[in-house]
Structure formats: structure tokens, C-alpha cells
Amino acid sequence: MAAKVYKPAAEVNLGPDSDEFYISPNVKAPRVAGLLVKIFVWILEMPIIGSMVLYILKKDNLINKLVQDAEIPEPPLFTSTHSWEDIPEQNVCLTKPDLSPPERVQEAVSCLPASLESTLAGSPPSSPKRWTIRDFNRAYSSGEVTPVQVAKRFLAAVKECSGPGLNMAFFISYSPEDIIRQAEESTLRYQRGTPLSAMDGILVAVKDEIDCLPYPTTGGTRWLGRARACAADAAAVAQLRACGAVLAGKTNMHELGAGTSGINPHHGSTRNPHNPGRVSGGSSSGSAAAVCAGLCPVALGVDGGGSVRMPAALCGVVGFKPTAGRLSNAGVLPLNWTVGMPGILAGTVEDAAVAYSAIVDQSQPSYLRPELNLPLLKSSLSIKNIKLAKYVKWFNDSSEDIRSCCDKSLQMLHAHYGWETLDVTIPEIEEMRLAHYVTIGSECTASLAKYLDKLKRSEIGWDVRVALGVYGSFSSRAYLNSQRLRNRQMYFHKEIFKTADVIVSPMTGVTAYKLQDDALKSGELDYINGAALVRYSIAGNFLGLPAITVMVGYDKAGLPIGLQFIGRPWSEATLLHIAFAMQEACKKHYRKPEVFYDLLKKD
């Protein structure tokens, strides 16, 4: 099979009439779980036979042809960081450069619409209004309920949904004593009239890839928490704590972030609150599902290959990944340092905006620090003259229900706001997916090498042993060529953003698929569904672009569908505006998940 020879990026036609060929992922790997995955691992780990199997897998899935052996004229680009550009944005508030996290939260709250209904007279109806950060803050300030009461309801809900009846597996660890202690301190502040911010007393769950005292950081394993001590809060966690947030424990995740399903044989497989017989998505599975189930309005995740946005879409919540460098990676497991960063899962776009304001990295000297715009969501007309770039072949490479629902959503945006959709070509989408896979895999094995060399293989889940075997097989040439492809894609996307404000796509190619019993103890290898889930995620990570997903409807089985907007570097405020507009157009059709807890109900 001849290796691909790429022409210079500047010669590629990015218009709708381009002759660039779209490659839909043709994954050649059957789903295996249970005994079959164990047999496959044994074969893969044999010294000679395993190497032959890996070569065939990479050849059949086009890694050799499109990446490793390809001829690429561009030099490698090793990071996805962007120089600060002062991009004109509509309806924004420019924050002062040296505000504290609580002060930034107050700025963000002042940008929200005034007409949010906030009453505890009734619970969210079957078409639920999710309780927001502002709802909790108002309830605490009025004395209708206290942070301690909400924390106790939270603990009761976690206990119930973690039991044998539901077995939702949202959390890896949580400390009732620590949660109640934080809530008691918050309650005292409200009683004294001195809450730290609107986030005081707000429950926030943290993915177990992010350091948060007093918990170990396991990365979804059963060994990493022992091998690597958690000595301090991650930067994002410390900022939330400074705002008075109640850190509610460490959420479940796909082991080492090495999968898209959220199936974890060590800590339980996180189930989808809309249908507990379906996967939640990964790898920030517990964070997405906990927000979906109403256990907290906001949670932290980490997004290295869609790991915040994919589970957000499958669980029907907001998933927001800012520009690379906008949030600090300090205290996050360095599993994939050039593509991964923290992200936000939230029940509403408003809450994503408030949490974002709290955790923005302001540690750099002011002359190096990107300016921070917050979206003025008060405007009834939102923002004008938005142009949405759509690559039709890529957009349509999804299930019929997703394609139809997302198309209707774009029509809705045009009807409501007059926003235009531009047809474009984004070349080499599958090549970018494979280059990202080589990059994230190579960085993961390099990061973990000092641990894996001393570790018994039996400590690692079967599916992750396969992933690590593949990751460790990538050559230096494959990695270098992947960075050349990153350079090409950076050029293509910058060119598209000269005429469009955002790129729009479905968030996933399929909705939440069935969680099968044979995978619960062994994990599973399902690269066909995995490729469909990750199809639209890659640019946000490989190119460091900000991206957000918001729910726009359901498939015929009642499972959520997410629509994604990818923005220019540093255009988070515009993305939040667009996502808010989309949410407002769709929210009257939102349904209550099958597993859902109302923490502001009256006793």
C-alpha cells in the first residue's frame, strides 16, 4: 500500500468545490470483551507475534499509509499553543486584568440575563429547568435552604445511585466528612452575610485526573494513586475553593483516559442517567453523568481527545474546552501534554460561563496574559452576523437521527438570528484523527513510562493494556509526521476562520450505545463506536482551539444529541454566546433524565 504524498497546504482548495477526498474512518477491528479481550491481550504481549499483530493493525487502519510513511512538505509543529490575538467580539465585558477568582465570578454573574426564574415553590418539571449556580446562591442567600442541607441531600443521592439497584458509578472517591465540613463553613458565611462569591456553597465534582485534596488522584486506575502523591490542589481546584465552592469528590473516568466509553473495570462503569443501560461516554464520564443527574451544576473534566465534550453530548449537558493555555494544567495528570487541558461540564451555558470565569489562568505576568472577555448574555438579540462554517461530507458522516437533528438546529439559528452557514472543505479529517491518535498515545506512554516499567501488568485493565501496547508501538517518524500534519491543519483552520466565526458539526457520530455485561469486568475494545464518538473532537485538542457542545435534541431512542461549535483561538466569549443562543432555542424540548435528583426540593 503506497504511502500518501501530500501537496503543500497552501495549494489545497478549502472551498465547497474542492476535489479533496473525504475518508470516512474504515476501522478494521471487531468489538471484543470478556474472554476474547483477554486472549487478544495475551497474543499482543507475545514478543514476536505481538509486534506482527500491531504492524497489521496499523497498516489496516491506514496509520502507516497516511501518517508514518507519508511524504509531508510542512515542518513539524510540536504544540497547539497560540499567540494572543485581540479578536473583535460582540456583546462582551472586558474584565480587569488582576481580579481574584471571586471577583471574576461576580463579573460573570453580572453578565447573565436577569429573568431567570428562581423559586423553590416547585421542583423542575418533566421538561426540567435545571437549578443553576444562581438558583443555589439565591436560595442560600434567602435562607430557604443551606449548603449543609444541600450537601446532605447530595450525599444521600450519591449513596442511593451508587447502590446495587442503580450502580451508576459516578464517583471513585468522596468523603462525607470533608463535604459536610466545607458546607458548614459555607453556611456560616451565608449566615454572617459574607459569602465569598456566587459559587459559595456550590457543589463541584472533580474528575479523578485532577488533584483535589484530600483525595488521591488515581487516573481511573487502582495503582496510580499509590505511585504518585497528591500534595496540593490543582490550580483550577484551588481557584474554585477560593470562591467557596464545595468540592464534592473525585468522579469516575475511563482508565488513564484511554477510551471513549467510560467503562472502568476497577471502579465500575459509569452509566448514562438518560438510560442506565447505555454508556456515558468518556473519559470524563463521571463528571458528565453527575451533572446530568442533577448532583451538581458544574464539574471539572480533562479534554485530551474530546474527553469533556463527548460525554457531555452523550449525557445531554454542556461541555466546554477553552483555548489551549487559557486554563492552567498545574495539578492535572500530564498524560498528554500537547493536546490535553481541563474543561468544564455544566447543566447550562450560563453555569459554564460562571465556572470558566473562576478558573481562568491569571498567573502569568499581565503583559503576557491574554485578555479575558466574558459574554454579555443579557442581550435579547444575542449577537449578529455570525457565519458558521460547515463541511457537509464530514457533518453528514453521522447517524441519520444526529444528522437530521443538527441540520434542523442550524435552520433554527438562521430563522431566529439570521446566522448564515457557509459551505467549506476541511481537508484530511481522518489523517488528523490518526495523527492525533499517534500524538496522544506517544505522549501517554512517555508520561507513564517511569511507572509502567515497575508495574505488574495485572494491575492494568485488559482494554487499557491493548491501548498501551498500541501507543508504545508508534515510531519517532510517526510522531514527527503527526506534528507535520498538525502544522497543515493549523493552516487550514486559520484560513477557514478568515471568513467564518465558528466551525459547526455534530459532537458525536453516534448517540450513547449499549453498555454490555461482558465488558463490565474486562473493559471492551470497540474501535468502531470509538471512532464514531471521537470523529468531531480532534481539532479542539490537536490544534488547541476552543470548542463547546450543547444539547439540541434526542434520537428515536430518547438519547441526547449534541451540536458542537469550534472557535478561533481566544474567542470563548463568542462561543458561549452562540451556545447560549442554541440552548435557548432548544431548551423547551429538554427532558428530565431517568436518573435525576432535585437538590433544592423542599423537605
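The values are calculated or read from the model by the stated rules, or taken from the named source; none is laboratory data. Keep in mind that this is a model prediction, so the values were computed, not measured. Cβ atoms come from the backbone with ideal geometry, glycine included; neighbour counts cover every protein chain shown. The accessibility values were calculated without ligands, DNA or RNA, using every heavy atom of the protein model including side chains. Shrake-Rupley method; radii C 1.70, N 1.55, O 1.52, S 1.80 Å.
A few points about this structure:
- Taking each residue as 0.36 nm, the span from K387 to M1 lengthens on full extension beyond its C-alpha to C-alpha distance by 134.9 nm.
- Cα gyration tensor shape of the range 273-400, rounded if a/c is under 1.5, else prolate or oblate by comparing a/b with b/c: rounded
- Of the whole protein surface, H267 contributes about 50 Å² of accessible area at a 1.4 Å probe radius.
- Over the range 91-244, relative contact order from alpha-carbon pairs under 8 Å, at least 6 apart, %: 24
- Among the listed pairs K38/K454; K159/K556; K159/K250, those beyond 24 Å (Cα-Cα): K159/K556
- Net charge of the neighbourhood of S382, taken over other residues with C-beta under 14 Å away and scored Lys/Arg +1, Asp/Glu -1, is -2.
- Accessible-area order (highest first, 1.4 angstrom probe) of the listed residues H493, H82: H82, H493
- Fraction of accessible area attributable to carbon and sulfur, the range 378-445 (%, probe 1.4 Å): 49
- The charge dipole of the range 248-400, taken about its Cα centre with unit charges on the Cβ of Lys, Arg, Asp and Glu (plus for the first two, minus for the last two), comes to roughly 300 debye.
- Rounded percent of accessible protein surface that carbon and sulfur make up, the range 448-557, 1.4 Å probe: 51
- The range 195-259 - percent of accessible surface contributed by carbon and sulfur, probe 1.4 Å: 60
- The range 492-542: C-alpha gyration tensor shape, a/c 1.5 cut-off, then a/b vs b/c: prolate
- Sorted peptide list for 38-46, 581-589, criterion being average Cβ within 10 angstrom, highest first: 581-589, 38-46
- Dimensions (Å) - the range 337-474, Cα atoms, principal axes, largest first: 59, 45, 29
- Over 31 Å (Cα to Cα) - which of K129/K514; K129/K498; K393/K514 fall in this group: K129/K498
- Where both bridge residues fall in the chain, DSSP classifies roughly 70% of the beta bridges as antiparallel.
- The charge dipole of the chain, taken about its Cα centre with unit charges on the Cβ atoms of Lys, Arg (+1), Asp and Glu (-1) only, comes to about 820 debye.
- Near V206: Cβ cut-off under 15 Å, other residues only, Lys/Arg at +1 and Asp/Glu at -1. The net charge is -3.
- Contact order for the chain, expressed relative to its length and based on alpha carbon pairs under 8 Å spaced 6+ residues apart, stands at 23 percent.
- Calculated P(r) of the range 378-437 - Cα pairs past 13 Å, %: 69
- With the whole protein complex present, Y471 retains an accessible surface near 20 Å², based on a 1.4 Å probe.
- With protein chains left intact and a 1.4 Å probe, residues in the chain average 37 Å² of accessible area per residue.
- Solvent-accessible area of D19 with every protein chain in place, 1.4 Å probe, in Å² to the nearest 10: 130
- According to the calculation over all Cα-Cα pairs in the range 403-516, the P(r) per 5 Å bin from zero is 2, 9, 13, 14, 14, 14, 12, 10, 7, 4, 2, 1 %.
- Solvent-accessible surface ranking, highest first, for S83, S269, S142 at 1.4 angstrom: S83, S142, S269
- For the range 488-603, the square roots of the Cα gyration tensor eigenvalues, ordered a ≥ b ≥ c, give a/c of at least 1.5 with a/b no greater than b/c, which places it in the oblate category.
- Accessible surface, 1.4 Å probe, highest first, among residues T270, T79: T79, T270
- Neighbour net charge for A478 - beta-carbon separation under 12 angstrom, K R +1, D E -1: +3
- Think of the chain as having a plus end and a minus end, set by charges on the Cβ of Lys, Arg, Asp and Glu; of A353, A248, S522, S522 sits farthest toward the positive end of this dipole.
- Relative contact order computed over the range 539-598 (Cα-Cα under 8 Å; 6+ residues apart), in percent: 32
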